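What follows is a short report on a single structure.
Read-outs: derived from the displayed coordinates by stated rules, not from any lab. Worth saying up front: this structure is predicted, and the values here are computed from it rather than measured. Methodologically, a virtual Cβ is constructed for each residue, glycine included, from the backbone with ideal geometry; neighbour enumeration extends over all protein chains shown.
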Amino acid sequence: MDIRIKRKKWLINILLYSVAVFYILLLLLILFRQRHAVRSVNLIPLRGITAFLTGKDLVTGSMENAWFIRGFALSNILGNIVIFVPLGVYLTLFHKDKAVWKNTLWVVLASVAAEAAQFAFKMGIGDIDDVILNGLGGLLGVLLCRGIYWLCKNEDFKARCVVAFMAPLAGMLCFGILLLMNA
């Protein structure tokens, strides 16, 4: 193999792993950014999502601030999906021989671990809805990566190049949108 091709592959891999590490650090920062005074957990699937979409306050059952709750809900739901898309992409990229369901299962397990840690350390609210949404985001990431491989005719180097250059741009765009929605 030509030395220039080896160098290009090495640079692309360095960029991919660097962005993946940055993503993981950012993910941990977002997931564990604030402490809560009490521990809370929701183990009823779709309870929070349904309440958010209807505008019903989970604590009081009131519909008084429905417009605020729906706005928060949209950013919460989209945020929980979007934040785990890159994990699905990177799992598939770095382990492309695994089936879609296996990579998605790894994302779900990572989400369960994060929710359990948030509960254990009072760094968030443990919520099965977050696991569902994170898993959906991971699945979208896995499918996105598979689509990139398909478009690149399963040429690993081309697919890695596309992800290496598109991931940081897409990440900045998504995080920018989420920040604007929560401003």
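A compact table of results
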item	result
Rg over Rh [alpha-carbon atoms, Kirkwood Rh] for the chain	1.04
Loop-located trypsin sites (Lys or Arg not before Pro) in segment 79-166 whose Cβ has at most 11 other Cβ within 10 Å (DSSP)	K153
Distance (nanometres) between label positions extended 7 Å along Cα→Cβ at L180 and S18	2.8
Between helix 100-120 and the chain: long-axis angle, C-alpha atoms, 0 to 90°, nearest 10	40
Nonlocal Lys pairs with alpha-carbon distance under 29 Å, the chain (8 or more apart, or different chains)	20
Additional length obtainable on full extension of the chain from L105 to S40, 0.36 nm per residue less Cα span	20.9 nm
